[in-house]
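Novice: Pasting in a structure now, in structure tokens, and then I'll have a few things to ask.
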Amino acid sequence: MRVISTKFRNSLLVKLIFLFFSFFLFLDNCVADIPTPHSHFGFTPGDDYQLFKYEPLVEYLKKLESVSPRVKLEKIGYSEMGKPLYLALVSSEENIARLDELKNINRELALNSELTAGQQDSLISRGRTFVLLTMSMHSTEAGPSQAAPEIIYELISSDNPLFEKILENSVCMIVLCHNPDGMNMIVDHYYKYKDTRYEGSSMPGVYHKYVGHNINRDFITLTQSENRAVARIYNTDWFPHVMVEKHQMGSTGPRYFVSPPHDPIAENIDAGIWNWMRVFGSRALTEMTEAGLKGISVNYLFDDYWPGATTTSIWKGVIGMLSEAASVNLASPIYVEPNELRTIGKGLGEYAISINFPKPWQGGWWRLSNIIEYEKQNTFSYLRTAAIHREEILRFRNEYCKREVERGKTKPPFYYIMPLKQHDQSELVELVNLLDKHGIKTYSLEQEIEMENRLYKPGDLVVPLAQPYRAFIKEIMEKQKFPARHYTPGGEMIRPYDITTWSLPLHKGVEAVEINSRNLKLENLLVKIITPYSIHAEKPQDYKKALFTVTNNESFKAAFMALKEGLTVYRSSEPVEYEGKKYPAGSFIIEKHQKLDDIIALLNTGPTYIINELNINRSETELPRIALVESWFHDMDGGWTRYLFDTYHIPYRVLRPEDLREINLARDFDVIIFSDENKSVLISGKYERDGREIISRYPPKYTSGMGSEGLENILSFIDNGGIVVAWRRSAGLFTGALSFGKDEDKQEFQLPFRDISAGLAKEGLYVPGALLRTKILKDHPVTLGMPSETGVFHRGSPVFATSIPYFDMDRRVIATFAKENILMSGYAEKEKLAGEKSAAVWLAKGKGQLVLFTFNPQFRASTPATYKMLFNSLLIE
């Protein structure tokens, strides 16, 4: 063996020491190159009275991406107002470099039910746990998005060994802001009133282009572009294993809520999902408390039976959770007195130490910086749990997939079959395309087959349940039965947190037959539908007219688009028969035109093309001038109405209640729409509760209401030939004694209907958002194209009763609750009390008309079965 000289050894040692320190100097310089949140924003996120807007947030992440190999920013879509939506991916440099490979591993584990044990082991050994966080979809809940820069900076710059393990074993995915339009609106409003008496006041209007707080009520129907972008992450693109939807709650309860939720829970969910929630929540409760944070709650207030929020992902194999932090006044700190602390709802009977609340917060100052610290510790805990249990979680995801597919093959129902022939074929098409957005496959029958005493024909559509997302398929295709749970045996039932019905076939008016026996012959006759799916007959070059059946919602879209383009649109005055097919009265006829061809190309369901002359009794339809009254009080239903009108190309002008005092309605409008809003808000600009006036938190300029002058203006508009359409609470404007005019021209009257729901409620009627069976009056101008029976989304009030009219008034009941089997989907108590009562009425007064609904005909853009009644109301003469 050769002996190394002392001089050489010393030289080598010096070089090694130099390289060692050079390496750490390099690391220090890398960290030094990472800009801190404070250096970018000019303040530390969470500082009192400071908020940043969306664009600086994105700019900061772009800076991080440019200097750190641990950050990747991906554009995932656009908001309804055109802002780009971004997903930030944070992990080790190695994981970021192989994101495409990891994404494919996620897909295989989530969707491949035929992996062998060896294949599964190989994927798991190479895979990483993906944890998705969605921030501040509710823009008044600013904390999560304000916390995002701090969370990401600490993950990529800290030398904490815990974070190294997290980044090595997991990928943190953060939707920086789920609602960027709303974020900017709220920040602008905050700064507008900062340092005034109205600092921290409520922003007038909705903090979104359309839906405001209801943005997390849309994850079945996916109407809003932000929600489609976020849902794609877990439906079809990235397939994360864990997901957390971050929110804020009231200021006077627990400081923070972590999973698991309270009962009731959805019965279609795999037990493993709930068990993993408990693992994550238990660790978070422990670790956040150990970090010195007080007031953490579990099993409190929030249940998980309804698939409308981002956590709809739990129906698709994702361990989806909710977090809620106690709120401040946006960025203004609040002081909470101990006597103001309380609990509401489920899980905590009092504000005191309990198994669900082991270390209560005792009151004092509460700041945005507190929220951010809680968000950081909660996020780090969830990421740590995901990293520790990486192999188990990845294996669970594939085993979940295998179980769901196997259940689809061995447990009924096995299929849902939707006949191609439907009352509203356009809604069938919409349903197929919506299922595709959810990652669900639909198939077409190649030849006829008889199953369970019914013959199905070629072209009928089949949704097999032997799919990885079986739980979701079953949940949205079946009618709902609320999972009633009680606080004690035989005791009080735990009431629903939100609505209790969401069956897509029933809400859309599409027939979907549940098949409870497996048929291998059927499975060999299926051809996968290619999306986007549409139904269009071949267009002959020499056609003269296009006939759009009134039974299709898409026909109304075509009519409104044509009217906006200046084309002449007719409606048939009687049923039409053409080439052996019948089209009901009210169907639309439009002459051939290039603009019409362009419109047809945009439709999911085409018209019937008329080649030969056809004598049709018809009347010309004019484009109505529509006013939509939308209050300043976060009027979400008004926003949903705007969304629906924009979707169907229906022109309108928004009026605020105070505008109604002086505007010349007859000069500017033909139709006035009142969506679902409190009568007191519309009249006086104030809430009422139990006969008491409640002062709002809006600045005074937004709280005046229409007053008696505005109501008289509306009544005069009706009397002189105007049309008013109103539903649910706003219908109360037209109950009781009414009057308008002065002196000899003064009219005092009561319209021939009243709301009887208060009496029914005293007898026990309770409907927390359910689908009720309703009989429809045939051939009324408001009901053209409707079937004889449909489901209406109802909340128990109002319920109408009519009376014999006098003076210059008239009435017709156009929709009546059924006598039997009233509850179609959801939960209700003593619903028979509503049996044979009026669900919708048409009224005449003077030269004008009113159409009043006890239900929302466009509820959250999720009840297409009743859209036609609203559309027809706009077009009545």
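The values are calculated or read from the model by the stated rules, or taken from the named source; none is laboratory data. None of the values given here were measured: they were computed from a predicted structure. Glycine gets a Cβ as well: all are built from the backbone with ideal geometry, and neighbour counts include every protein chain shown. Accessible surface areas use protein heavy atoms only, side chains included; no ligands, DNA or RNA. Shrake-Rupley method; radii C 1.70, N 1.55, O 1.52, S 1.80 Å.
Novice: Taking the criterion of being closer than 19 Å to ASP218 by Cβ and basic (Lys, Arg), would at least one residue in the range 420-428 satisfy it?
Specialist: Checked against the condition, which is being closer than 19 Å to ASP218 by Cβ and basic (Lys, Arg), the range 420-428 yields no hits at all.
Novice: Consider ASN516 carefully, then state whether it is open to solvent by 20 Å² or more (accessible area, probe 1.4 Å) and either farther than 17 Å from ASP460 by Cβ or in contact (Cβ under 8 Å) with a residue 12 or more places away in the chain (or both).
Specialist: Yes: the conditions hold for ASN516.
Novice: Restricted to the range 47-103, and to residues that are in a strand (DSSP E or B) and open to solvent by 50 Å² or more (accessible area, probe 1.4 Å), which residue is nearest to VAL211 (Cα to Cα)?
Specialist: Kept after step one, since they are in a strand (DSSP E or B), are these residues of the range 47-103: 71-78, 84-90.
This time we only want the ones that are open to solvent by 50 Å² or more (accessible area, probe 1.4 Å), so: 72, 74-75, 78.
Working: LYS72: 30, GLU74: 25, LYS75: 23, TYR78: 16 Å.
By that ranking, first place goes to TYR78.
Novice: Among (1) more than 19 Å from ILE718 (Cβ to Cβ); (2) open to solvent by 10 Å² or more (accessible area, probe 1.4 Å), which single condition is LEU875 missing?
Specialist: Exception for LEU875: condition (1).
Novice: A further question on this structure: Do we have GLN422 as among the polar types (S, T, N, Q), crowded, with 20+ Cβ neighbours inside 10 Å and out of contact with any strand residue (DSSP E or B) (no Cβ under 9 Å at 6 or more places or on another chain) here?
Specialist: On the way: among the polar types (S, T, N, Q): yes; crowded, with 20+ Cβ neighbours inside 10 Å: yes; out of contact with any strand residue (DSSP E or B) (no Cβ under 9 Å at 6 or more places or on another chain): yes.
Yes.
Novice: Could you figure out which of (1) within 24 Å of PHE482 (Cβ to Cβ); (2) touching a residue at least 60 places away in the same chain (Cβ under 8 Å); (3) not aliphatic (A, V, I, L, M) isn't true of PHE357?
Specialist: Every listed condition holds for PHE357 apart from (1).
Novice: Yes or no: the range 771-782 includes at least one residue that is within 27 Å of the chain's Cα centre (by Cα), among the hydroxyl-bearing types (Ser, Thr, Tyr) and crowded, with 21+ Cβ neighbours inside 10 Å.
Specialist: For the range 771-782, residues within 27 Å of the chain's Cα centre (by Cα), among the hydroxyl-bearing types (Ser, Thr, Tyr) and crowded, with 21+ Cβ neighbours inside 10 Å: present.
Novice: In the range 586-599, what residues are farther than 21 Å from PRO864 by Cβ and in contact (Cβ under 8 Å) with a residue 24 or more places away in the chain?
Specialist: ILE589, ILE590, GLU591, LYS592, HIS593, LYS595, LEU596, ASP597
Novice: Looking at this structure, is SER201 hydroxyl-bearing (Ser, Thr, Tyr), surrounded by fewer than 24 Cβ atoms within 10 Å (Cβ to Cβ) and more than 27 Å from TYR335 (Cβ to Cβ)?
Specialist: So SER201 does not fit the description; no.
Novice: Right, another one. Among the residues in the range 240-249, are any acidic (Asp, Glu) and open to solvent by 30 Å² or more (accessible area, probe 1.4 Å)?
Specialist: Scanning the range 240-249, I find no residue that is acidic (Asp, Glu) and open to solvent by 30 Å² or more (accessible area, probe 1.4 Å), so the answer is no.
Novice: Among the residues of the range 817-844, write down those that are part of a strand (DSSP E or B) and surrounded by fewer than 20 Cβ atoms within 10 Å (Cβ to Cβ).
Specialist: Applying the first criterion (part of a strand (DSSP E or B)) to the range 817-844 yields 817, 823-826, 829, 838-844.
Listed by number, the residues that qualify are GLU829, ALA844.
Novice: Keeping to the range 434-479, report how many residues are of a type in the set (Asp, Glu), open to solvent by less than 20 Å² (accessible area, probe 1.4 Å) and outside any loop (DSSP other than H, G, I, E, B).
Specialist: Count: 1.
Novice: Going through the range 485-509 one residue at a time, which ones are in contact with a His (Cβ under 8 Å, 6 or more places away or on another chain), assigned to a loop (DSSP other than H, G, I, E, B) and not acidic (Asp, Glu)?
Specialist: Answer for the range 485-509, where residues must be in contact with a His (Cβ under 8 Å, 6 or more places away or on another chain), assigned to a loop (DSSP other than H, G, I, E, B) and not acidic (Asp, Glu): ILE494, THR501, GLY509.
Novice: State which residue pairs qualify: first residue at positive phi and inside the range 223-251, second residue open to solvent by 10 Å² or more (accessible area, probe 1.4 Å) and assigned to a helix (DSSP H, G or I) in any location, beta carbons under 8 Å apart, and separation of 6 or more residues or different chains.
Specialist: Filtered contacts from the range 223-251: PHE239/LYS103; PHE239/ARG107; PHE239/LEU111.
So that you can scan it fast, the table gives a plain yes or no per residue for (1) part of a loop (DSSP other than H, G, I, E, B); (2) more than 28 Å from the chain's Cα centre (by Cα); (3) modelled with pLDDT of 95 or more:
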residue: GLU658; (1), (2), (3): no, yes, yes
residue: ALA666; (1), (2), (3): no, yes, yes
residue: SER680; (1), (2), (3): no, no, yes
residue: TYR698; (1), (2), (3): yes, no, yes
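Novice: Any residue at all in the range 700-720 that's part of a helix (DSSP H, G or I), free of Cβ contacts under 8 Å to residues at least 60 places away in the same chain and of a type in the set (Phe, Trp, Tyr)?
Specialist: No, because not a single residue in the range 700-720 is part of a helix (DSSP H, G or I), free of Cβ contacts under 8 Å to residues at least 60 places away in the same chain and of a type in the set (Phe, Trp, Tyr).
Novice: Same structure again: Limited to the range 624-674, what total is found for residues that are closer than 22 Å to ILE718 by Cβ and either open to solvent by 10 Å² or more (accessible area, probe 1.4 Å) or aromatic (Phe, Trp, Tyr) (or both)?
Specialist: Selection size over the range 624-674: 21.
Novice: Is one or more of the residues making up the range 263-271 under 19 Å from TYR305 (Cβ atoms), out of contact with any Leu (no Cβ under 8 Å at 6 or more places or on another chain) and in a helix (DSSP H, G or I)? Write out each step before concluding.
Specialist: Initially, the range 263-271 is screened for residues under 19 Å from TYR305 (Cβ atoms), giving 263-271.
Right, trim to out of contact with any Leu (no Cβ under 8 Å at 6 or more places or on another chain) and you get 263-271.
With in a helix (DSSP H, G or I) added as a condition, the list becomes 271.
Within the range 263-271, one or more residues are under 19 Å from TYR305 (Cβ atoms), out of contact with any Leu (no Cβ under 8 Å at 6 or more places or on another chain) and in a helix (DSSP H, G or I).
Novice: Oh, and also: Determine if the range 587-597 includes at least one residue that is open to solvent by less than 20 Å² (accessible area, probe 1.4 Å) and of a type in the set (Gly, Ala, Ser).
Specialist: There is at least one residue in the range 587-597 that is open to solvent by less than 20 Å² (accessible area, probe 1.4 Å) and of a type in the set (Gly, Ala, Ser).
Novice: So which pairs qualify, if the first residue must be in the range 600-613 and closer than 12 Å to ILE590 by Cβ, the second must be among the basic types (Lys, Arg) and open to solvent by less than 30 Å² (accessible area, probe 1.4 Å), the Cβ gap must be under 6 Å, and the two must be at least 6 apart or on different chains?
Specialist: ILE610/LYS545
Novice: Filter the range 324-336 down to the residues that are farther than 15 Å from ASP303 by Cβ and either modelled with pLDDT under 95 or touching a strand residue (DSSP E or B) at 6+ places or on another chain (Cβ under 9 Å) (or both), then identify the one that is most open to solvent (accessible area, probe 1.4 Å).
Specialist: That would be TYR335.
Novice: Additional query: Just one of (1) out of contact with any strand residue (DSSP E or B) (no Cβ under 9 Å at 6 or more places or on another chain); (2) crowded, with 22+ Cβ neighbours inside 10 Å trips up LYS847, so point out which.
Specialist: Every condition holds for LYS847 apart from (2).
Novice: Would you pick out the residues in the range 365-397 that are part of a strand (DSSP E or B) and open to solvent by less than 10 Å² (accessible area, probe 1.4 Å)?
Specialist: Correct list: TRP366 only.
Novice: Next question, about the same structure. Which of (1) farther than 30 Å from LEU628 by Cβ; (2) in contact with a strand residue (DSSP E or B) (Cβ under 7 Å, 6 or more places away or on another chain) does ARG228 not meet, given it meets every other one?
Specialist: That leaves (1) as the condition not met.
Novice: Can you tell me which residue is nearest to HIS389 (Cα to Cα) among those in the range 115-133 that are of a type outside the set (A, V, I, L, M), touching a residue at least 12 places away in the same chain (Cβ under 8 Å) and not in a helix (DSSP H, G or I)?
Specialist: THR129
Novice: When you look at LEU522, is it more than 19 Å from LEU445 (Cβ to Cβ), out of contact with any Asp or Glu (no Cβ under 8 Å at 6 or more places or on another chain) and open to solvent by less than 80 Å² (accessible area, probe 1.4 Å), yes or no?
Specialist: On the way: more than 19 Å from LEU445 (Cβ to Cβ): no; out of contact with any Asp or Glu (no Cβ under 8 Å at 6 or more places or on another chain): yes; open to solvent by less than 80 Å² (accessible area, probe 1.4 Å): yes.
When the stated conditions are applied, LEU522 does not pass them.
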